[in-house]
1. Can you tell me which residues in the stretch 28-50 are of a type in the set (A, V, I, L, M, F, W, C) and either outside any helix (DSSP H, G or I) or open to solvent by 50 Å² or more (accessible area, probe 1.4 Å) (or both)?
2. Say we look at the stretch 54-108 and pick out the residues that are at pLDDT 90 or above and touching a Phe, Trp or Tyr at 6+ places or on another chain (Cβ under 8 Å); which of these is most open to solvent (accessible area, probe 1.4 Å)?
3. Do you know which of the residues in the stretch 24-49 that are touching a Gly at 6+ places or on another chain (Cβ under 8 Å) and modelled with pLDDT of 90 or more is nearest to F7 (Cα to Cα)?
4. Could we say that L19 is under 18 Å from the mean Cα position of the chain (by Cα), of a type outside the set (F, W, Y) and modelled with pLDDT of 90 or more here?
5. Taking the condition of being open to solvent by less than 90 Å² (accessible area, probe 1.4 Å) and among the hydrophobic types (A, V, I, L, M, F, W, C), how many residues in the stretch 1-27 meet it?
Amino acid sequence: MSGSEEFLALAEFAALALLSLSFLLTVVRVLIGPSLPDRVLALDMLVTIAIGFIAVIGIRTGFTLYLDIAIALGLVGFLATVAFARFVLSRRYEQEFVKRDTLGIYGDKEP
């Protein structure tokens, strides 16, 4: 193994470790919220992290097919984020979730 191959293996390992840590922290954000827009943003971040995983695996294996998968996942993630944003901004969200929320889950919490 040459020095450049060792460096590439170390960089791949470091990238996977950092992506795993960010994935874990983002899942925690999805679970604890505190509001629905925070959860939507965290889900969008999960898509971005998954694209990062796919990119590192594509570099590691050398298959260019992973690039197509990452692009498709990015497009689907973008469309899902736009749909969630439209739902949050709609009146239906206000009527069905925020006004009837007795636990304070869906609205922004005031300090």
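The values are calculated or read from the model by the stated rules, or taken from the named source; none is laboratory data. Fair warning: this is a prediction, and the values are worked out from it, not measured in the lab. Backbone-built Cβ (ideal geometry, glycine too); neighbour counts: all protein chains shown. Areas reflect the complete protein model, heavy atoms only, side chains present, ligands, DNA and RNA absent. Shrake-Rupley method; radii C 1.70, N 1.55, O 1.52, S 1.80 Å.
1. V28, L31, I32, L41, L43, M45
2. So the residue we want is I57.
3. Restricting attention to the stretch 24-49, the residues satisfying the condition of being touching a Gly at 6+ places or on another chain (Cβ under 8 Å) are 35, 39, 44, 47-48.
Next, from what is left, pick out any that are modelled with pLDDT of 90 or more: 44, 47-48.
Working: D44: 31, V47: 27, T48: 25 Å.
Looking at the filtered set, the residue picked out is T48.
4. Working: under 18 Å from the mean Cα position of the chain (by Cα): yes; of a type outside the set (F, W, Y): yes; modelled with pLDDT of 90 or more: yes.
Here the answer is yes, as L19 does meet what is asked.
5. Matching residues across the stretch 1-27 total 10.
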